[in-house]
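These notes are about the structure you will find just below.
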Amino acid sequence: MSEWAAKRFWTSTEVVAEGDGFSVRLDGRPVRTPAKKPLIVPTRVLAEEIAGEWQAQEKVVKPSTMPVTRTANSAIDKVAVQRTEIIDILGEYGGTDLLCYRATGPQELIARQAAAWDPLLDWAETALGARLKVTQGVLPIAQNPPDLARLSAQIVEFSDFELAAFHDLVALPGSLVIGLAVTFGQKSPEALWEIARLDELWQIEQWGEDEEAEATNRLKQQAFIDAARFFRLAQ
């Protein structure tokens, strides 16, 4: 049996100013989140992107083609009611940050990691006042609590909508520093994703590309880029 999917029932979409934000209406009816809350977002450009996603739907609504709408829903239905827990979870990534765990060999890979990852850790120290320690291998290394607190302090400043996007910017690469680098415009999201994939790219060079793994990477990369774009639209 095929899975039930909502059918398109509207002809036109529009963006309407509502309080301090903006809503999207389908033939005059306001869009609501899955939890039936009003879908009101902080900026007009964000609402326009959501409206564009709804307008682009054809006979059947396909949520997989609506990343901006999905993240806005998450901000309202999940982040707004679990904000403290989400901040704590994201802050914990600083203690196991991808950039801090280096290969024990070969030397070429060690050098590549240093060349790509050290500048980001240096940036975190200079711009955010947090110097994370580096280790070789997978055994945990304890980071200094004051440094982790300085990184977490950046997250607290985000709005619910920014935080919804930031979750993917951190969780997908497994790096709090990379996520923060995106929000500060340190490098392009595309460049930072490639930096996060350094180990995978090394393996591809050695053993060749796995089609299934590469397809998964493309999906993750697009989600990462979508999250970066949402973050900007929400400001």
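The values are calculated or read from the model by the stated rules, or taken from the named source; none is laboratory data. Small disclaimer: the values here were computed from a predicted structure and weren't measured. Cβ sites come from the backbone with ideal geometry, for glycine too, and all protein chains shown count toward neighbours.
Taking the range 5-28 as the range and being modelled with pLDDT under 95 and in contact with a Phe, Trp or Tyr (Cβ under 8 Å, 6 or more places away or on another chain) as the test, only Trp10 passes. Scanning the range 9-30 for residues that are surrounded by 13 or more Cβ atoms within 10 Å (Cβ to Cβ), more than 21 Å from Gln235 (Cα to Cα) and not polar (S, T, N, Q) yields Trp10, Arg25, Leu26, Pro30. A single entry from Ala165, Ala181, Ala213, Ala149 fulfils the requirement of being surrounded by 21 or more Cβ atoms within 10 Å (Cβ to Cβ) and over 11 Å from the mean Cα position of the chain (by Cα): Ala181. Which residues, taken from the range 102-128, are free of Cβ contacts under 8 Å to residues at least 40 places away in the same chain, over 17 Å from Val182 (Cα atoms) and either among the aromatic types (Phe, Trp, Tyr) or surrounded by 12 or more Cβ atoms within 10 Å (Cβ to Cβ) (or both)? Arg102, Ile110, Ala114, listed by residue number.
This table checks each residue for (1) under 20 Å from Leu90 (Cα atoms); (2) among the hydrophobic types (A, V, I, L, M, F, W, C).
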position: Pro145; (1), (2): yes, no
position: Gly174; (1), (2): yes, no
position: Trp193; (1), (2): yes, yes
position: Asp199; (1), (2): no, no
position: Glu211; (1), (2): no, no
position: Glu214; (1), (2): no, no
position: Ala228; (1), (2): yes, yes
position: Ala234; (1), (2): yes, yes
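Name the residues in the range 70-103 that are hydroxyl-bearing (Ser, Thr, Tyr), in contact with a helix residue (DSSP H, G or I) (Cβ under 8 Å, 6 or more places away or on another chain) and assigned by TED's automatic domain parsing to the domain that holds Ala227, would you?
Of the residues in the range 70-103, the ones hydroxyl-bearing (Ser, Thr, Tyr) are 71, 74, 84, 93, 96, 101.
Still in the list and also in contact with a helix residue (DSSP H, G or I) (Cβ under 8 Å, 6 or more places away or on another chain): 71, 74, 93.
Passing the criteria: only Tyr93.
Here Glu85 clears all of (1) closer than 13 Å to Asp160 by Cα; (2) in contact with a strand residue (DSSP E or B) (Cβ under 6 Å, 6 or more places away or on another chain); (3) acidic (Asp, Glu) except the condition numbered (2).
Has the range 143-162 got any residue that is over 30 Å from Ile76 (Cβ atoms) and among the acidic types (Asp, Glu)?
Initially, the range 143-162 is screened for residues over 30 Å from Ile76 (Cβ atoms), giving 143-147.
Among the residues that remain, those that are also among the acidic types (Asp, Glu) are: 147.
Yes, because at least one residue in the range 143-162 is over 30 Å from Ile76 (Cβ atoms) and among the acidic types (Asp, Glu).
Every condition in (1) part of a helix (DSSP H, G or I); (2) surrounded by 13 or more Cβ atoms within 10 Å (Cβ to Cβ) is met by Ser64 except one, and the failing one is (2). The range 74-193 holds helices (runs of 4 or more DSSP H) entirely within its bounds, and those carrying 3 or more residues that are more than 26 Å from Ala223 (Cβ to Cβ) map to 107-128, 145-156. Of the residues making up the range 148-160, none is in contact with a Lys or Arg (Cβ under 6 Å, 6 or more places away or on another chain) and in contact (Cβ under 8 Å) with a residue 24 or more places away in the chain.
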